[in-house]
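Report on one structure; see the data block that follows.
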Amino acid sequence: MSDSATQGDTCSERSDPIARTANAESGGLSRRSMLKAGALAAATLTAARAQAQTDAPSVATGSVAGRPFRAFVRSGTTGSVEDLRLREIGRRQVLVRTTASCGCYTITRSVLGDRDYETPTIPNHSGFGVVEAVGAEVRRVREGDRVLVCGTPECGVCYQCLHGNPEACNYLNSQLFNEPIADMADGTGVIQQGAIGGLSELMVAMEEYCIPLFTDLPDEELSLLGDTLAAGLSSTLTYGRVEPGSNVVVFGAGPIGLAAVQGAVSQSAGQIIVIEPVAYRREKAVELGATTVLDPNVDTDTLVERVREMCYGPTDRLDAGGRYGPGYRYGGADFVIEASGGDLFPPAVEPGPDPTGLLALRQSWDVTRGGGHLTLLAAGQRGEISFPTARFCLSTRSIHGGQMGGMHPMRDAPRYVTMIESGAIDAAAVITATYPLDGVVEGFERVADRSELGVVFTL
Ligand SMILES: [Zn+2]
Ligand SMILES: [Zn+2]
């Protein structure tokens, strides 16, 4: 507080016309200004020293080894809630008491799939909670902070971060540091998926994954900022930033696609066209601001042409800002977000026309206009896709990768908090069910069959 107050005083002094006149008379600074500036400088220095001392490496808050807690653990081909004992945390690690963790469709395979886990693993890749202890070298968070353990880290100093791509921060390579954090009853070490986990009463996270959030918003809503909500918002607010009045197309109205709809609304997009096979999700999209919803099962063969026609605009007069002409170069939307995913498990609701998701992936490229932006979020798709070479080379489309939609976590998570607080984003709108730790399997079954929209696990 004292720092910002000091800075504010300095700014008002600089803009004071009387002080400027006095400065001119004395060839720079008046005596009054010099005395005041000296006092301010001393005060600033004192405050900065005090701040530096409190920012000094935290002192570890005592041993946490042996602390009992419960977690959902995948071991072999089965999964169950287990009693674990915590190991000591490292010097750059943070112990978080989890309060909420987002149910992510990508994780359904890790919870419900038939993969054989050689090393017992706590699934999920995000969570929210309260800092309980920090390693001796941790600076970013402190004991008692409310903290997001984000699906994407941001260290700020690796090559990727320094070159403007923290969504691809080198700390994403969790294999470098994903050591066991706890032991099973028989002494077997337990690791966390992606060095995060989340379906657990405790998380141990590297500092680079921890984003302190200073707000009174509910834990359940904030937990979405480590995963689905943040990915959808970022797809419209970072690399493919939606422009006012523009045409936006969103494939998929799950938690991520609906966040993209909200992001587009927040940017005053013109048309927001949502393509989604499930009726209740189309209705939700309209509630949140979609201007048109299309069912890909009804419009399968004509979808691309239909969307292009909808985006042509009010005139085909080329000398009056219009556009005309069929084909990949002229028709289509300014911003397209592909968030439909493939069917990792059979849906209990209306399935789309292609369970692999590759059709939607190709269509998303086809409905992006030449010069437009395409952001790809559907990590659940499997297989390969081909494009006609000349069109691929000449289309001038910008394609953005989908690692959390291009989120810069330290910059963007606080921004999204502000947007939720102001009412610009309705985070609660996509939470349709919460489950306790003992309901992990049931909750993920609802995520997997898409019968619930957004699920949060409250630990
Ligand atoms: Zn996820
Ligand atoms: Zn980094």
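Data overview
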quantity: Convex hull projection area averaged over all views, region 81-212, Cα basis, nm²; calculated: 8.1 nm²
quantity: Taking N as its residue count, the alpha carbon Rg of region 326-459 over 2.2 N^0.38 Å; calculated: 1.27
quantity: Contact order relative to length of region 240-400, as percent, for alpha carbon pairs under 8 angstrom and 6 or more apart; calculated: 23 percent
quantity: Burial ranking of peptide ranges 189-195, 82-88 (average Cβ count within 10 Å, highest at the top); calculated: 189-195, 82-88
quantity: Length gained when the stretch L162-Y324 is fully extended (0.36 nm per residue, less Cα-Cα span); calculated: 54.1 nm
quantity: Segment R139-D449, extension gain: residue separation times 0.36 nm, minus the distance between their alpha carbons; calculated: 107.5 nm
quantity: S398-A65 FRET efficiency (beta carbon distance; Förster radius 41 Å; 0.05 resolution); calculated: 0.25
quantity: Between region 351-428 and region 169-248, the alpha-carbon center distance in angstrom; calculated: 19 Å
quantity: Label zone at E287, where the point sits 7 Å out along the Cα-to-Cβ direction: region 234-276 residues whose backbone N lies under 20 Å; calculated: 250-266, 272-276
quantity: Backbone HN-Hα couplings from phi across region 281-297 [Karplus 6.51/-1.76/1.60, Hz, Gly and Pro as x]; calculated: 6, 4, 4, 4, 4, 5, 4, 8, x, 5, 8, 9, 10, 10, 9, x, 6
quantity: Highest to lowest packing among 255-262, 426-433, scored as the average C-beta count within 10 Å; calculated: 255-262, 426-433
quantity: Charged-residue dipole, Cβ positions (Lys, Arg, Asp, Glu), region 240-400 about Cα centre, Debye nearest 20; calculated: 440 debye
quantity: Nonlocal amide H pairs with L374, under 5 Å, H built at 1.01 Å; calculated: V336, S398, I399, H400
quantity: Added length on full extension, which subtracts the Cα-Cα distance from 0.36 nm per residue, T119 to R241; calculated: 39.8 nm
quantity: Peptide ranges 311-318, 119-126, 415-422, 330-337 listed from the most packed, as the mean C-beta count within 10 angstrom indicates; calculated: 330-337, 119-126, 415-422, 311-318
quantity: Radius of gyration, Dmax [region 240-314; alpha carbons; angstrom]; calculated: 11.6, 32
quantity: Proxy reagent accessibility, fewest Cβ within 10 Å first, across E338, E208, E118, E305; calculated: E118, E305, E208, E338
quantity: Using θ = phi - 60° and Karplus 6.51 cos²θ - 1.76 cosθ + 1.60, couplings along region 121-133 (whole Hz; Gly, Pro as x); calculated: 9, 8, x, 5, 9, 5, x, 9, x, 10, 5, 9, 7
quantity: D (Stokes-Einstein, µm²/s), Kirkwood Cα radius, region 240-400, 0.692 mPa s at 37 °C; calculated: 209 µm²/s
quantity: Angstrom value of the Kirkwood radius, inverse mean 1/r, which spans all Cα pairs in region 191-274; calculated: 14.5 Å
quantity: Cβ-based exposure ranking for F251, F345, in which fewest neighbours within 10 Å come first; calculated: F345, F251
quantity: Share of alpha-carbon pairs per 20 Å distance bin for the chain, given as whole %; calculated: 23, 47, 24, 6, 0
quantity: Distant-in-sequence amide H partners of L294 (H built 1.01 Å from N, under 5 Å); calculated: V274, I275, E276
quantity: Relative contact order (percent, whole number), the chain, Cα cutoff 8 Å, 6+ residue spacing; calculated: 15 percent
quantity: Fewest-first sequence of T238, T292 by Cβ atoms within 10 Å of each Cβ; calculated: T292, T238
quantity: ³J(HN,Hα) computed for each position of region 333-342 - Karplus, 6.51 cos²θ - 1.76 cosθ + 1.60, integer Hz, glycine/proline x; calculated: 8, 6, 9, 10, 10, 9, 9, 8, x, x
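No value in this document is a laboratory result; all are computed from the given coordinates. Bear in mind the structure is a predicted one, so any value in this text is a computation, not a measurement. Note that we place each Cβ from the backbone using ideal geometry, even for glycine, and neighbour counts take in every protein chain shown.
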